[in-house]
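Q: Shown below is the structure under consideration.
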Amino acid sequence: MHGKLIVGNWKMNGSLSANQELVRQIAEGLSDASCRAAVCVPSVYLSQVQQLAASGHLLWGAQDVSAHEQGAFTGEVSAAMLREFGVRFAIVGHSERRQYHGETDALVATKAQRALAAGITPIVCVGETLQEREAGHTESVVKRQLAAVIQTNGHCISEIVVAYEPVWAIGTGKTASPEQAQQVHALLRAQLKAATEQSQRIPLLYGGSMNAANAASLLAQNDIDGGLIGGASLKAADFLSIIAAASP
Ligand code: PGA
């Protein structure tokens, strides 16, 4: 592992003028000493963010990618198209896509494969719902979600990023405790270790109401290598505080 990784997920937020200000402030706040940082933005803003961030330390990414290579798939954006805009990361399998767009484990695994083939690092999201946690199914759910991606991607698995995002913690202000998060991260690490000798280089991010106040204690856990940040990534000061907490 080379330092921590902090990724913002803007979701369906932003405007040309708001993005300009947000990216300018984040880019100005980063230095050589900062950990790796990226923002995953709506595809229509990739060109803008590429222009604003190209000369600095801030990386950028997409929030989804098509499972298809090209062709008659109205509304979809391919990995090769994203790559043309300098995209380094693509979130795949976010719980909002699994929940509202019916994305299955198999589809998420194919999306990860398309991203990898185009030289984009997929950030594979896994996580249980509150109901699944209360029924004692956390381990089986996250393992099933990750297993599909491992099975489809073989040795390329060492090139992915995994984000553990308990669904009950996303956008709710209810963060998993550092111990709860670490426990699941350790399970995921063991699963990756069984799949590749290179498992130590796979960053395991925590996501779900991470903010400036709780970032340091989450990031102090052994198997938490960074964060996937929703709400708090839309305010430069908050996002920069999280980056500072993750920086050496
Ligand atoms: P949140 O979102 O930080 O607003 O909880 C995280 C995510 O959905 O990636």
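Q: Provide MET12, MET81, MET210 in ascending order of the number of other Cβ atoms located within 10 Å of each residue's Cβ, fewest first.
A: Fewest to most other Cβ atoms nearby, the residues stand as MET12, MET81, MET210.
Q: Ok, one more. Give me the distance between the Cα centres of region 128-147 and region 161-226, rounded to whole Å.
A: 14
Q: Further question: Over the chain, calculate the relative contact order: mean separation of alpha carbon pairs under 8 Å at least 6 apart, over the residue count, as a percent.
A: Dividing the mean separation by the residue count of the chain yields 23 percent.
Q: Grab the Cα-Cα distance for PHE73 and SER217, subtract it from 0.36 nm times how many residues apart they are, and report the gain in nm with one decimal.
A: Answer, rounded to one decimal: 47.5 nm.
Q: Which of these, THR152, THR129, THR172, has the largest mean-square fluctuation under a Gaussian network model of the chain (Cα springs below 10 Å)?
A: Greatest mean-square fluctuation among the candidates belongs to THR172.
Q: If you don't mind, another one. Which residue, GLY29, GLY61, GLY127, tops the fluctuation ranking in a GNM of the chain built on C-alpha contacts under 10 Å?
A: Evaluated over the chain, the most mobile residue of the options is GLY29.
Q: Once Lys and Arg get +1 and Asp and Glu get -1 on their Cβ, which of ALA186, ALA244, VAL162 lies farthest toward the positive end of the dipole of the chain?
A: ALA244
Q: Counting Lys and Arg as +1 and Asp and Glu as -1, each charge on the Cβ, what is the dipole of the chain about the Cα centre in debye, to the nearest 20?
A: Dipole about the Cα centre, nearest 20: 120 debye.
Q: Something else: Please report, to two decimal places, log10 I(q)/I(0) for region 5-245 at q = 0.12 Å⁻¹ as given by the Debye formula with identical point scatterers on the Cα atoms and no solvent.
A: -0.62
Q: With r as the distance between the Cβ atoms of SER158 and GLU179 and R0 = 22 Å, compute the FRET efficiency 1/(1 + (r/R0)^6) and round to 0.05.
A: 0.20
Q: In whole Hz, what ³J(HN,Hα) sequence does region 88-93 give by Karplus (6.51, -1.76, 1.60; θ = phi - 60°), x for Gly and Pro?
A: Per-residue couplings from phi come out as 9, 10, 9, 5, 10, x Hz.
Q: Now, a different point. Using +1 at the Cβ of each Lys and Arg and -1 at the Cβ of each Asp and Glu in the chain, identify which of ALA176, GLN51, THR152 lies farthest towards the dipole's positive end.
A: GLN51
Q: If each DSSP helix of 4+ residues adds -39,500 (n - 2.57) and the sum is divided by the residues in the chain, what number results at 222 nm, nearest 500 deg cm²/dmol?
A: -12000 deg cm²/dmol
Q: Work out from phi, with θ = phi - 60° and the Karplus expression 6.51 cos²θ - 1.76 cosθ + 1.60, the ³J(HN,Hα) of each residue of region 60-67, listed in order in whole Hz, and give x for Gly and Pro.
A: With the stated coefficients, region 60-67 comes to 9, x, 9, 9, 6, 8, 5, 7 Hz.
Q: While we're looking at this one, here's another question. Calculate one ³J(HN,Hα) per residue across region 206-222 by plugging θ = phi - 60° into the Karplus curve 6.51 cos²θ - 1.76 cosθ + 1.60, and present them in order as whole Hz with x for glycine and proline.
A: With coefficients 6.51, -1.76 and 1.60, one gets 9, x, x, 6, 6, 8, 4, 7, 9, 4, 4, 6, 5, 5, 7, 6, 3 Hz.
Q: Once both labels are modelled 7 Å past Cα along the beta-carbon direction, what's the THR104-GLU139 spacing in nm?
A: According to this spin-label approximation, the distance is 2.7 nm.
Here, each number is a calculation from the coordinates, and none is a lab measurement. Source: prediction; values computed, not measured. Cβ atoms come from the backbone with ideal geometry, glycine included; neighbour counts cover every protein chain shown.
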